[in-house]
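Engineer: After the structure tokens below, expect a handful of questions from me.
Each reported figure results from applying straightforward, stated rules to the coordinates on display, with no laboratory input. Being a predicted model, the structure only gives us computed values, none of them experimental. Every residue, glycine among them, receives a Cβ derived from its backbone with ideal geometry; neighbour counts consider all protein chains shown.
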Amino acid sequence: MHQIFHLTGVRETASGITLYADHTFDFYLSFGAIDRHGYGTWTKENDTVILTSNYADKKGFAIVAQQKDALEGYQVSLQNPDPFFAGMMRGYAIVQATSEEQKADDQGVIQFAMEHPDKLMLMNALFPDQIVTFIPEPDTNHMIVQPNHDIFLLHFPEVRCTQEEQTLLVKLPLLSMYFGERTFVYEQQMQ
């Protein structure tokens, strides 16, 4: 037997949590142009349900190539960019305690003045919890990346939910990023 809970009180948003008898769970969130999902295991301590995912190593972007090109600074390019997605990209180049932030152009190119960053951090405003860190190969100045299906994964690092009769009260950081800090109410669907 499984329990299905649906988000209530948030306009134009669909979200649900299914708790299965084998102590696994599925999660989905859909609003506007954003569809997210997650899965993992759950445990229960008194009235607290703890959701934990085990895919923290999955990254929403993959490196396609790193190369040395005739250009100034360091460049990160999206392979086959979608203009809407590309316009939401941000990058951070970091050398020791110094960082440089740049926004991608509509072609998916992020151009840094910094020539040899120690690390690069990429994120897309549609997925603010998916900040991916890369270490550039030495003697390169151009990294080509591509988003992959893992960008849609929502991570659950021991998210604690309070179960009160037929509801789950959830404080999920991603939902707070989108809708403000509060407790979200998921009501159980009767079967």
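Engineer: For the residues Y92, Y186, what sequence is obtained by ranking on other C-beta atoms within 10 Å, fewest first?
Structural biologist: Ascending Cβ contact count within 10 Å gives the list Y92, Y186.
Engineer: Could you tell me which of rounded, prolate or oblate describes segment 61-150, using a ≥ b ≥ c as the square roots of the eigenvalues of the alpha-carbon gyration tensor, with rounded for a/c under 1.5 and, failing that, prolate when a/b is larger than b/c and oblate otherwise?
Structural biologist: Note, shape of segment 61-150 comes out prolate.
Engineer: For K68, go through the lysines and keep the ones whose alpha-carbon is under 23 Å away, minus same-chain ones fewer than eight residues off.
Structural biologist: Straight-line reach from K68, under 23 Å: K103, K119.
Engineer: Among L126, I50, V145, whose Cα projects farthest towards the positive end of the dipole of the chain, with charges put on the beta-carbon of Lys, Arg (+1) and Asp, Glu (-1)?
Structural biologist: I50
Engineer: Please give me, ordered by residue number, the chymotrypsin sites (Phe, Trp or Tyr not before Pro) of segment 34-71 that lie in loop per DSSP and have at most 13 other Cβ atoms within 10 Å.
Structural biologist: Qualifying residues, ordered by number: Y55.
Engineer: Moving to a separate point now. Within the set of other residues whose C-beta is less than 10 Å from the C-beta of A125, count the net charge using Lys and Arg as +1 and Asp and Glu as -1.
Structural biologist: That sum, taken over residues with Cβ under 10 Å, equals +2.
Engineer: Based on Cβ point charges of +1 for Lys and Arg and -1 for Asp and Glu, what charge dipole magnitude is obtained for segment 32-95 about its Cα centre, in debye rounded to the nearest 20?
Structural biologist: 80 debye
Engineer: Which of rounded, prolate or oblate describes segment 62-112 when judged by the alpha-carbon gyration tensor and an a/c cut-off of 1.5?
Structural biologist: oblate
Engineer: Positive end of the dipole of the chain, charges at C-beta (+1 Lys, Arg; -1 Asp, Glu), about the Cα centre: which of F179, T18, A62 has its Cα farthest in that direction?
Structural biologist: Of F179, T18, A62, it is T18.
Engineer: For the chain, take N as its residue count and report Rg(C-alpha) divided by 2.2 N^0.38 Å.
Structural biologist: The value comes to 1.21.
Engineer: Using only DSSP helix segments of four residues or longer, with each worth -39500 (n - 2.57), what per-residue ellipticity at 222 nm results for the chain after dividing by its residue count and rounding to 500?
Structural biologist: -1000 deg cm²/dmol
Engineer: If you stretched the chain out fully between Q189 and D129, how much longer would it get, using 0.36 nm times the residue separation minus the C-alpha to C-alpha distance?
Structural biologist: Stretched out fully, the Q189 to D129 stretch lengthens by 18.7 nm.
Engineer: Arranged by the count of other C-beta atoms within 10 angstrom, fewest first, what order do I135, I63 take?
Structural biologist: I135, I63
Engineer: Do any trypsin sites (Lys or Arg not before Pro) in segment 51-86 lie in a loop, going by DSSP, with at most 11 other beta-carbon atoms within 10 Å of their beta carbon, and if so which?
Structural biologist: K68
Engineer: Limiting things to C-alpha atoms, what are the Rg and the maximum Cα-Cα separation (Dmax) for segment 89-136, in angstroms?
Structural biologist: Answer for segment 89-136, Rg first and Dmax second: 10.4, 29 Å.
Engineer: State to the nearest 20 debye the size of the charge dipole of segment 61-150 about its Cα centre, where the only charges are +1 on K and R beta carbons and -1 on D and E beta carbons.
Structural biologist: My answer is approximately 100 debye.
Engineer: While we're looking at this one, here's another question. Taking a virtual spin label 7 Å from the Cα of T162 along the C-beta vector, which residues in segment 172-191 bring their backbone nitrogen under 11 Å of it?
Structural biologist: Flagged as within label range: 183-184.
Engineer: With labels modelled as points extended 7 Å from the Cα through the Cβ direction, what inter-label distance (nm, one decimal) is found for T41 paired with Q67?
Structural biologist: So the label points at T41 and Q67 sit 4.4 nm apart.
Engineer: Please get the size of the charge dipole for the chain, origin at its Cα centre, with Cβ charges of +1 on Lys and Arg and -1 on Asp and Glu, quoted in debye to the nearest 20.
Structural biologist: 220 debye
Engineer: Moving on. Straight-line reach from K44: which lysines have Cα under 21 Å away, leaving out those fewer than 8 places along the same chain?
Structural biologist: Of all the lysines, those that pass the test against K44 - Cα under 21 Å, at least 8 places apart if same chain - are K171.
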